[in-house]
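See below for the structure under consideration.
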Amino acid sequence: MMLLICFTGIYAAGYDFSKFSSLARQRYGEEAYKTTLELQELITALKSAPETEKLKQINDFFNRKINFAEDIDVWGQSDYWATPLESLGRQAGDCEDYSIAKYTFLKILNVPDDKLRLTYVRAEIMNQDRRVVLAHMVLSYYATPQSEPLILDSLVPEIMPSSARKDLTPIFSFNDKGLWVGASNKSKGDSTSHLSRWRDVLTRIQADGITN
């Protein structure tokens, strides 16, 4: 109870923790609610941390709390982009859901939007001694606009520079502000105009108490 009292009044930029945690309890029960308390503890602890530490801790948290599952098994749909609240509530999600959750909470921790991009890639993995190419999503972090990005992934827990991830080939990337093709640094336009699922999940994230 004391933990709840301490956290209820905490608002990051555009983040209503009281609403977020209450919805977790209402929709998914006590375990989901406790997970939101853990997340809020982490956010509080990372408030003044260097960005590299924020990346590591947020990456680790969501990789640990979300179990990989296909959308058809979790949501009964072939392709569904879940909000962080939905992913934590179900304790399951696919590559888009990991990336969306990490992106959302790094922004809450005041990592600038222009340093973060959700990136669709072709991923080469080994499956029963055969090399298979799959569509995959990761979160990319750019320390500066010209920097080599760091890759936050659900397949490989360690954050690595993109040059160390020879298994990934970028296709396109996006954030709240723009859309980029391949490894280009020149935006091709407004992401929400081109990506209906992104526009939809942003609206649902806002309804969960996150407006940044």
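List of remarks:
- Looking across the range 62-79, the residues that are out of contact with any Lys or Arg (no Cβ under 6 Å at 6 or more places or on another chain), surrounded by 13 or more Cβ atoms within 10 Å (Cβ to Cβ) and touching a residue at least 40 places away in the same chain (Cβ under 8 Å) come down to Asn63, Ile66, Phe68.
- Residues satisfying the stated conditions in the range 86-115, i.e. within 11 Å of the chain's Cα centre (by Cα) and farther than 16 Å from Ser154 by Cβ: Lys107
- Being touching a Gly at 6+ places or on another chain (Cβ under 9 Å), assigned to a loop (DSSP other than H, G, I, E, B), modelled with pLDDT of 95 or more and within 20 Å of Lys34 (Cβ to Cβ) is a property that does not hold for Ala101.
- Taking the criterion of being closer than 18 Å to Val133 by Cβ and touching a residue at least 40 places away in the same chain (Cβ under 8 Å), the residues of the range 169-190 that qualify are Thr169, Pro170, Ile171, Phe172.
Here is a yes/no grid of residues against (1) under 18 Å from Arg199 (Cβ atoms); (2) of a type in the set (Phe, Trp, Tyr); (3) in a strand (DSSP E or B):
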site	(1), (2), (3)
Gly76	no, no, no
Tyr80	yes, yes, no
Leu88	no, no, no
Lys107	yes, no, no
Tyr120	yes, yes, yes
Glu124	no, no, yes
Val138	no, no, yes
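- Where a residue in the range 154-168 is under 15 Å from Leu134 (Cα atoms) and its partner, wherever it lies, is among the basic types (Lys, Arg), with Cβ under 8 Å and at least six apart: Val156/Arg165; Leu168/Arg122
- Subset of the range 173-190 (residues that are under 26 Å from Lys56 (Cβ atoms) and either among the hydroxyl-bearing types (Ser, Thr, Tyr) or not in a loop (DSSP other than H, G, I, E, B) (or both)): Ser173, Phe174, Trp180
- Of the residues examined, Asn110 is not one that is surrounded by 19 or more Cβ atoms within 10 Å (Cβ to Cβ) and either hydroxyl-bearing (Ser, Thr, Tyr) or closer than 30 Å to Pro145 by Cα (or both).
- Hits in the range 191-212 - residues which are under 25 Å from Val133 (Cβ atoms) and in a loop (DSSP other than H, G, I, E, B): Leu195
- So Glu96, is it of a type in the set (Asp, Glu) and modelled with pLDDT of 95 or more: yes
- Residue within the range 39-60 that is out of contact with any helix residue (DSSP H, G or I) (no Cβ under 7 Å at 6 or more places or on another chain), modelled with pLDDT under 95, farther than 25 Å from Asp200 by Cα and of a type in the set (A, V, I, L, M, F, W, C) present: no
- Within the span defined as the range 143-162, one or more residues are touching an Asp or Glu at 6+ places or on another chain (Cβ under 6 Å), over 12 Å from Asn59 (Cα atoms) and surrounded by fewer than 13 Cβ atoms within 10 Å (Cβ to Cβ).
The values are calculated or read from the model by the stated rules, or taken from the named source; none is laboratory data. Everything numeric in this text was worked out from a predicted model, so none of it was measured. So basically every Cβ, Gly included, is an ideal-geometry build from the backbone, and we count neighbours across all protein chains shown.
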